[in-house]
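Have a look at the structure below before the remarks.
The values are calculated or read from the model by the stated rules, or taken from the named source; none is laboratory data. Worth saying up front: this structure is predicted, and the values here are computed from it rather than measured. Every residue, glycine as well, gets a Cβ built from its backbone with ideal geometry; the counts of neighbours run over all protein chains shown. Each accessible area value is taken on the protein alone, full model and side chains, heavy atoms only, with ligands, DNA and RNA left out. Shrake-Rupley method; radii C 1.70, N 1.55, O 1.52, S 1.80 Å.
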Amino acid sequence: MPQSDTSLKIRYLTLPISEELAGTEVNTLLRRHMGLSGTVLRRIKWLPDGITVDGVRVNVRFRVAAGQVLSARLSDPDTAVQPWPSQGPLDLVYEDEDLCVVNKAPGMLVHPSHGHWADTVGNFLMAHYRENREGAGFHPVHRLDKGTSGLLVVAKHPYGQEKLKSQLHTGAFRRIYLAVCDGTPYPAQGVIDAPIGRAPGSLLARRGDPEGQSARTRYRVVCTCGPRSLVELQLDTGRTHQIRVHMAHMGCPLTGDFLYGREAPALITRPALHSARLELTHPITRARLEFTAPLPEDMKVLL
């Protein structure tokens with residue numbers, strides 16, 4: 001394995017060269033057999049350990065021989081553009097060389113932004129990587145709103161992020177949410193197929209809009225508890241605030257949703273939404289992975 005010029009642990013993708021692949025250009029192997037995109041290749045091709053054969057740097061026109069091993073660097077060449085490492089609470093459900101699954105606390109941002117430069121999932125993960133001497137970066141695969149709790153997948157390198165993002169909205173990547181809503185959706189199970197667009201005059205809010213982007217949410221009422229219901233939801237698309245907009249569209253906004261329903265600070269200080277289950281295909285091993293996160297206490301008490 002080629003050696004990096006840092007003391008960090010670097011992730012490489014390797015391909016042993018068989019008789020059938022002998023004589024093939026490295027560029028073809030990287031793209032067709034290893035699945036690297038042009039974007040990833042442009043990032044690594046100038047690095048001393050970016051593309052090597054038997055530990056020796058080569059260009060993409062090099063032709064390999066049987067028995068050799070082609071290696072491509074996956075770890076970020078420059079972590080200076082990543083979130084600043086900062087210690088903080090981090091509930092890691094799963095971790096390996098290529099990805100992490102985080103159980104995000106409600107009220108925590110995923111990305112640093114104005115007023116929150118050091119207290120986000122990105123900051124805490126970068127500190128965790130630094131502690132473990134990993135050359136990993138922060139590459140979230142999907143989004144969770146600040147108020148939403150639960151499971152979030154973060155790749156450790158751009159290649160992993162690309163592969164996992166390509167699974168979104170397919171059967172390979174399933175996201176199942178639990179929500180507590182005001183009222184009970186009718187019928188008790190179905191599909192909400194309602195396009196979503198921006199609400200006029202607001203940078204944040206969305207609304208049902210026939211001219212907006214297509215949006216589909218599958219739902220099932222799990223139970224009804226007095227004036228509220230626990231609803232399981234699965235996303236077929238990933239529009240901003242999709243679940244919140246669709247439940248309000250059904251006349252059953254999420255409990256505590258200040259934007260699409262009614263604030264209820266005495267009950268809960270956020271929209272009652274939790275990313276409860278994730279299923280995905282590992283970007284390197286192709287193994288099927290499944291994760292669950294229990295309903296948080298502030299949602300349990302609503303029921």
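Among the strands (runs of 3 or more DSSP E) lying completely within the range 189-303, list those that include at least 2 residues that are open to solvent by less than 20 Å² (accessible area, probe 1.4 Å). Spell out how you get there, then give the answer.
Values: elements: 189-193, 196-198, 206-208, 216-225, 228-235, 273-281, 288-292.
It comes to 196-198, 216-225, 228-235, 273-281.
For the range 109-135, which positions are in contact (Cβ under 8 Å) with a residue 24 or more places away in the chain, in a loop (DSSP other than H, G, I, E, B) and over 15 Å from the mean Cα position of the chain (by Cα)?
PRO112, TRP117, ALA118, ASP119, ASN132, ARG133, GLY135 - these are the residues of the range 109-135 that are in contact (Cβ under 8 Å) with a residue 24 or more places away in the chain, in a loop (DSSP other than H, G, I, E, B) and over 15 Å from the mean Cα position of the chain (by Cα).
I need a count of the residues in the range 150-174 that are surrounded by fewer than 22 Cβ atoms within 10 Å (Cβ to Cβ) and in contact with a His (Cβ under 7 Å, 6 or more places away or on another chain).
Of the residues in the range 150-174, 2 are surrounded by fewer than 22 Cβ atoms within 10 Å (Cβ to Cβ) and in contact with a His (Cβ under 7 Å, 6 or more places away or on another chain).
Give just the number: which of (1) assigned to a loop (DSSP other than H, G, I, E, B); (2) at pLDDT 95 or above does TRP46 not satisfy?
Single failed check for TRP46: (2).
Would it be correct to say that SER7 is hydroxyl-bearing (Ser, Thr, Tyr), open to solvent by 80 Å² or more (accessible area, probe 1.4 Å) and over 27 Å from the mean Cα position of the chain (by Cα)?
The answer is yes for SER7.
Any residue at all in the range 137-149 that is touching a residue at least 12 places away in the same chain (Cβ under 8 Å), assigned to a helix (DSSP H, G or I) and closer than 21 Å to LEU273 by Cβ?
no
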